[in-house]
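Beneath this line is the structure, given in structure tokens, with notes to follow.
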Amino acid sequence: QVQLRDSGGGLVHTGDSLRLSCVVSGRNFESLNMGWFRQAPGNEREFVAAISWRDGRTYYDDSMKGRFTISRDNAKGTVYLQMNSLKPEDTAVYYCAAEAPLGVVVPSNLPHDYDYWGQGTQVTVSS
């Protein structure tokens, strides 16, 4: 019943910023851990960031180097990924995902643990 709609991707230049959005419907947004993953051609889907529904703590893959920030707006049922200082290596399809935890506090970084997915939005960073 949960539906995710992600958007905000596009073509940018090295050093630019981009903000991705994911609108959640069909479930109590406050009870979902939300995450962002990305997948480049020929690569496995990799974890980018997540935010806990319980305490709002955020988690990032070390490779993001502090350039990315995940946040959520409960009133709007939306999760965001702010991406700064973009590099060509960030080029990928970005997916938002929702995890319905059963007493889990820390969001998972494994795609298999997430229950719902957006369609993906393409981010391309030119050099």
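The values are calculated or read from the model by the stated rules, or taken from the named source; none is laboratory data. Everything numeric in this text was worked out from a predicted model, so none of it was measured. Here Cβ is always computed from backbone atoms with ideal geometry, including for glycine, and neighbour counts include all displayed protein chains. What goes into the accessible areas is simple: the full protein's heavy atoms, side chains included, and nothing from ligands, DNA or RNA. Shrake-Rupley method; radii C 1.70, N 1.55, O 1.52, S 1.80 Å.
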Report task. Can you run down the residue pairs with Cβ atoms below 7 Å, 6 or more apart or on separate chains, where the first is in segment 106-127 and within 20 Å of Gly77 (Cα to Cα) and the partner is assigned to a strand (DSSP E or B) and open to solvent by 60 Å² or more (accessible area, probe 1.4 Å)? Result -> Gly118/Arg5
Query - Top-ranked residue of segment 42-59 - restricted to ones that are assigned to a loop (DSSP other than H, G, I, E, B) and farther than 16 Å from Tyr95 by Cβ, ranked as least open to solvent (accessible area, probe 1.4 Å) - result: Ser52
**Report entry** Qualifying positions in segment 22-41 - modelled with pLDDT of 95 or more, surrounded by fewer than 24 Cβ atoms within 10 Å (Cβ to Cβ) and out of contact with any Ser or Thr (no Cβ under 8 Å at 6 or more places or on another chain)
**Finding:** Arg38, Gln39
Requested in this report: Take Ser71 and decide whether it is polar (S, T, N, Q), in contact with a Phe, Trp or Tyr (Cβ under 8 Å, 6 or more places away or on another chain) and either in a helix (DSSP H, G or I) or surrounded by fewer than 17 Cβ atoms within 10 Å (Cβ to Cβ) (or both).
Outcome: yes
Report summary line: Counting only residues in segment 75-117 that are small (Gly, Ala, Ser) and outside any loop (DSSP other than H, G, I, E, B), the one farthest from Thr58 (Cα to Cα) is identified as Ala92
